[in-house]
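The values are calculated or read from the model by the stated rules, or taken from the named source; none is laboratory data. Predicted model, so just to flag it, every value in this text is computed and none were measured. Don't worry about glycine lacking a Cβ; one is built from the backbone with ideal geometry, like all the others, and counts go over all protein chains shown. Surface areas here come from the heavy atoms of the whole protein model, side chains and all, with no ligands, DNA or RNA. Shrake-Rupley method; radii C 1.70, N 1.55, O 1.52, S 1.80 Å.
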Amino acid sequence: MPGLNEILNTIQRTNDEKAEEIIRAAEKDGREIVSKEQRSAEAQAQALVKKAEKRLEREYDSSVSSLYSSQNRALLSAKVDAVNSVVAEALARLENLPDEEYFDMIFSLAKEYAAGDECVMWLSEKDLKSLPKGFSDRLGGCKDTENISVCTKPFDIKNGFVLDFGETCENCTLDAIVRDREQTLRDEIAALLFEKAV
């Protein structure tokens, strides 16, 4: 039976070779599938990482922008408060000037607002009581104020004066003058207070 053994051995060898060939092909296909899936997984992971990085970058930029915006609002609010405080303090100082300086200011304002026109100057009761002697003469001695007469009756104002031109009046109280020049004053004060910060 050596011929049969020989045939069986040949069949066995052929089967072993076929099996090895199939196994090699399967291993090769498996490696290719694993490699392909690995590349795909890596690509997906990179895409997810990039997407997450972009989202985090947007969130960071938004947070930084929000923080700067909050800081700018707080800074602006502080600047407005500082300017308001300076304006209020300046107004209080003007109201509390010594009589001589206060009426020098009144005289200067009268020259500016009357500009030579005939009018009546109305003062508060407090200012009428502290009016320096010779103030009317001083007004009469200046070309721009010579046509101003000071009324001896008090007017219902806190400070400054009102010029009555007959048909029109000019409110020259300190509050009105500050309000009239408010934006210019605020710009000038802000420039002085914050010139180094700007």
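Here are the numbers for the structure shown:
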| read-out | value |
| --- | --- |
| Listed residue pairs exceeding 25 Å between alpha carbons, taken from 111/158; 133/153; 54/79; 28/50; 28/51; 79/111 | 54/79; 28/50; 28/51; 79/111 |
| Most mobile listed residue (27, 53, 101) in the chain, GNM with C-alpha springs under 10 Å | 27 |
| Calculated log₁₀ intensity ratio I(q)/I(0) where the Debye formula runs over C-alpha points of the stretch 68-158, q = 0.11, 0.19, 0.24 Å⁻¹ | -0.45, -0.89, -1.22 |
| Segment residue 156-residue 175, length gained on full extension (0.36 nm per residue, minus Cα span) | 5.5 nm |
| Label-to-label distance, nm, for residues given as residue 143 and residue 92 (7 Å Cα→Cβ offset) | 4.1 nm |
| Additional length obtainable on full extension of the chain from residue 51 to residue 126, 0.36 nm per residue less Cα span | 19.5 nm |
| Neighbour net charge for residue 76 - beta-carbon separation under 15 angstrom, K R +1, D E -1 | +1 |
| Listed residues 194, 165, 155, 135 arranged by accessible area, highest first, probe 1.4 Å | 155, 165, 194, 135 |
| Residue-averaged 222 nm ellipticity for the chain, from DSSP H runs of 4+ at -39500 (n - 2.57), nearest 500 | -25000 deg cm²/dmol |
